[in-house]
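To start, I am sharing the structure in question, which I have written as structure tokens.
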């Protein structure tokens, strides 16, 4: 059309005005660290694998998950899931059931026989891992993946460490899962030598021509407390009780069992005692529930199963069929102080669960190696004071959980790999955390957490079946879709839709978006309306 | 646009949309577009529809659009005529509840107690009066035109769906979109969508669809929020909360919201109300 | 509505609008005068005034041709009390005749999704330029339609159609052509015997009156000593609207020009009244601005009262009170 007069204009001609120059702040796309990833002691990219699980691609999810943790089927059972505690969704309705999905994915992998990818080539380096617990297995797996030759030396007759011993979440019924996941690591070329105790680490390193060592022997020696015991009172230690669960003969604890301690092991024993037929299983703990080191979820499950807890109490004396308990009170500093009030409890046996010490005998005479309060000191790179010897898991300072152990194994493996190449591994800088206030949760519809089927109370108390069942695929996918994708764009098109300046460019599926700063005026709508907090405002440099 | 396969002609009333989109000698419109006057967008739309009919271009659809001033006040006669004749035009009103482009003067879509430059809360006055103004979606429904819908910028997909739905009808159609104005409402420009959302979630702005005068679908409120959540962040309502405050007025506004809940069945099962 | 009238002109839309002229007054007036159309004389439209129904028909066809050729909207104004309600036999041109006179319209501005454009009134097109251009167009409209200035758009579809017939403004004669007269549209009381002085049929067609056309028209017919205008509109304080335009076009001319305001509010223009005016004009006793049949004494009394009373109330109230039409209520 010929354009008469000045009233008929070519379409879109106002694009000549680069109105972006009015801007004083600009939005930028960012990837923030989701709280679940941040909280995971194993360093899993939880949100990443949930994303694949959402689309039903469980193998891809498993591959991403196992980059950090080679034991998802086990961890989906035993992990106390700090990720769920940190989950932003908990502030909306309920946290995403990460743990249950992990278990589902782990079980799927075993069902379908998915294997780890073998390393591209061998480095020719040899690493000895001492201890086949979670930390040792984790380190061995990570080292094998990058091509090192790994030998695990385990003092006991089976691999698995504390995962094997009487943890209620992995009862005998589920041990096949543990075996299968260990076998999968072995299939990667990791050699696991059982009944092969290392007495002198330097000698073993020299004799085996190892280039580096990772120590992960765990903490198995029960701490003792001085208790004036009357005649023939039955006193047992928690590690021994749990360990004996693996054997043919079940420990005899009697009808009334008192467990002394407040950690996760105390709960494990108390719950095991219930399953062994104890009518009463009482935990005696000197402080309050708030101060208890055991994880609350585990305590809750124990209480549901009928385990009783005597708070603010210490055992003063143990008799033949009873114990004397003194009531305590907390002082201003939160420490338990005796009150002088006593009470008597019936008890057929007393199990001490006051913590475990590390058997450090294999480290005698290692130059440079330092100890600290019964555990081995390591630097930020997980290396002991002796070059080439690294340590992790329960034998170094830190929280003693399976998940932390796996994280130590991974971290140590990275450092060992770097050290072997003459480098020093540095932790990549952690992005800002995608905290709840950065989200716009209105866009997420209400979706209460899916519940895993829970074994009936009666059967829980009396059997060693798995207390908590697994998800079916539909439930797992539903649950995965509850993930808010905190801090990381999932291409919802919100920014594209709300931008009043049409300044958001779609880059195509999987490639997210870009801002067209020629027209973006920096109003900040996209930042406010990004559901997952993946856009940040930053001042414009003028 | 997708709903009409880009076969669309737009008529625009005077207002912000017109002013910022066509800075002479340029235009941002990529579809055929015409601006005539403040109050005659509906009439121009009618004319375009008639011209297209004469030319036999049935696949080309017409949309007329205006702000609340151009729709509820100045262009109301033309719009009512368009409805009454059932002209084949989709009229979209972008309601920011006052004459914002000219400097925030009250329109018949300004809510009660709101401060505008012509309803300043000075002396005895407490902002715009209660009991005045028009509910244009309901007026449109009273014309029994094929399709009437309300929407907000907080739910763009809903808006998109409603435009699509509207394009399935022939005859006069009306969509009333709540568009908060940072300037006139007194909130941060990044909170525009949030304000629209709060208007919806407090039930002050019911979101629904009606066909031939009957409500067919209501967008349920997930959690009804107190109107105060919506009023407080806006400086146009600041006088309600400044000491000594006007708790009575907030209560009256809450009553308006509650009435919407009753009237449209905004709370309850997610199923369609009717 | 008035805003849209300007808008259409600004957009250059070739619209033809029929305007049935009526007086605008309070409380209400249903009779005819030209105050309505002439209040819009600066809106940028061409205004054609029809004398009778036949002319209304002819002018519409012509209006379309003007609008389409000049991209200007055109009003065809006709009396809104008598002509619009009268039945009269008119000559209808055939479709073929209209088509030959009015070629198919070539669209200039199209809202077409295949070739999208934005159309709106150009805010920033300098108004002076636009006004000037419009003025030039209007002059062009006059030139193109006026046979005496070489116009090429004939007033009728086919000149041969013109034939003497009985019309509402029938029996018009042009015997006395001594004095040119400019008039717009239909004068109710204009009759043959009064036409002694009124002869030049120079309708005020194209408002603002293309000055050149008016003056040329006047010059080519007028050797007379004086010119006169009767019109049915008034610019308060300035005299007749048409008259002012004519006067402006006569500026510098020795001709004496008189304005007679008549028929305001639809008041009848009677033969007797016109006769008196023409007599006065011929004897040079006509004032430059005359209100036909004005009751001078009445107006003087009202004005006197207004001078005395500070709050004199509406003018109409004062007049009616004087006439005794409004009773006690207004005191």
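Give the residue, chosen from B:229, B:248, that is surrounded by fewer than 16 Cβ atoms within 10 Å (Cβ to Cβ), more than 14 Å from chain A (Cβ to nearest Cβ) and over 25 Å from residue B:83 (Cβ atoms).
B:248
Test residue A:502 against the stated conditions and say whether it is exposed (fewer than 14 other Cβ atoms within 10 Å of the Cβ), at pLDDT 80 or above, assigned to a loop (DSSP other than H, G, I, E, B) and within 14 Å of chain B (Cβ to nearest Cβ).
yes
For residues that are modelled with pLDDT of 85 or more and assigned to a loop (DSSP other than H, G, I, E, B), scanning just the range A:431-466, find the one that is surrounded by the fewest Cβ atoms within 10 Å (Cβ to Cβ).
That would be A:432.
May I ask you to say which residue of A:90, A:53 is part of a helix (DSSP H, G or I), buried (at least 24 other Cβ atoms within 10 Å of the Cβ) and more than 14 Å from every other protein chain (Cβ to nearest Cβ)?
One residue alone meets the criteria, A:53.
Taking the conditions exactly as written (within 14 Å of chain B (Cβ to nearest Cβ) and touching a strand residue (DSSP E or B) at 6+ places or on another chain (Cβ under 9 Å)), does residue A:24 satisfy them or not?
So residue A:24 fits the description; yes.
Is it the case that residue C:98 is part of a strand (DSSP E or B) and touching a helix residue (DSSP H, G or I) at 6+ places or on another chain (Cβ under 8 Å)?
Taking the combined requirement at face value, the residue does not satisfy it.
Tell me, yes or no, whether the range B:76-87 has at least one residue that is buried (at least 20 other Cβ atoms within 10 Å of the Cβ) and within 13 Å of chain C (Cβ to nearest Cβ).
yes
Find the residue count for the range B:93-109, including only residues that are buried (at least 24 other Cβ atoms within 10 Å of the Cβ) and assigned to a strand (DSSP E or B).
Total meeting the criteria: 3.
Sticking with this structure for a sec: Restricting to the range B:157-179, give me the number of residues that are under 25 Å from residue B:251 (Cα atoms) and within 11 Å of another protein chain (Cβ to nearest Cβ).
Qualifying residue count, the range B:157-179: 1.
Continuing with this model, one more query. Any chance the range B:62-74 includes a residue that's in a loop (DSSP other than H, G, I, E, B), within 12 Å of chain C (Cβ to nearest Cβ) and modelled with pLDDT under 95?
Yes, the conditions are met somewhere in the range B:62-74.
Oh, and also: What about residue A:14, is it more than 14 Å from every other protein chain (Cβ to nearest Cβ), out of contact with any strand residue (DSSP E or B) (no Cβ under 8 Å at 6 or more places or on another chain) and modelled with pLDDT under 90?
no
I would also like to ask the following. Among the residues of the range A:517-525, is there at least one that is away from chain B (no Cβ under 14 Å), in contact with a strand residue (DSSP E or B) (Cβ under 8 Å, 6 or more places away or on another chain) and in a loop (DSSP other than H, G, I, E, B)?
Checked against the condition, which is being away from chain B (no Cβ under 14 Å), in contact with a strand residue (DSSP E or B) (Cβ under 8 Å, 6 or more places away or on another chain) and in a loop (DSSP other than H, G, I, E, B), the range A:517-525 yields at least one hit.
Still on this structure, please answer the following. Given the structure, is residue B:78 closer than 26 Å to residue B:159 by Cβ and assigned to a strand (DSSP E or B)?
No, not satisfied.
Continuing with the same structure: If you check B:114, B:43, which single one turns out to be within 12 Å of chain C (Cβ to nearest Cβ), modelled with pLDDT of 80 or more and touching a helix residue (DSSP H, G or I) at 6+ places or on another chain (Cβ under 6 Å)?
On inspection, the qualifying residue turns out to be B:43.
Where in the range C:1-93 are there helices (runs of 4 or more DSSP H), lying wholly inside it, with at least 3 residues that are crowded, with 19+ Cβ neighbours inside 10 Å and within 14 Å of chain B (Cβ to nearest Cβ)?
C:2-11
Can you tell me which residues in the range A:175-193 are in a loop (DSSP other than H, G, I, E, B) and surrounded by 14 or more Cβ atoms within 10 Å (Cβ to Cβ)?
The answer is A:188, A:189, A:190.
List the residue pairs whose Cβ atoms are under 6 Å apart, where the first residue sits in the range A:174-186 and is farther than 15 Å from residue A:105 by Cα, the second is assigned to a helix (DSSP H, G or I) and modelled with pLDDT of 95 or more, and the two are 6 or more positions apart or on different chains.
Pairs that qualify, where the first residue is farther than 15 Å from residue A:105 by Cα and the partner is assigned to a helix (DSSP H, G or I) and modelled with pLDDT of 95 or more, are A:185/A:137; A:185/A:141.
Does residue B:27 meet the test of being in a loop (DSSP other than H, G, I, E, B), closer than 22 Å to residue B:99 by Cβ, within 11 Å of chain C (Cβ to nearest Cβ) and modelled with pLDDT under 80?
Criteria not met by residue B:27.
Taking residue C:61 as the residue in question, decide whether it is in contact with a helix residue (DSSP H, G or I) (Cβ under 7 Å, 6 or more places away or on another chain) and under 30 Å from residue B:14 (Cβ atoms).
No.
The values are calculated or read from the model by the stated rules, or taken from the named source; none is laboratory data. The structure presented is a predicted model; accordingly, all values stated were derived computationally and were not measured. Quick reminder, even Gly has a Cβ in these numbers, built from the backbone with ideal geometry, and neighbours come from all protein chains shown.
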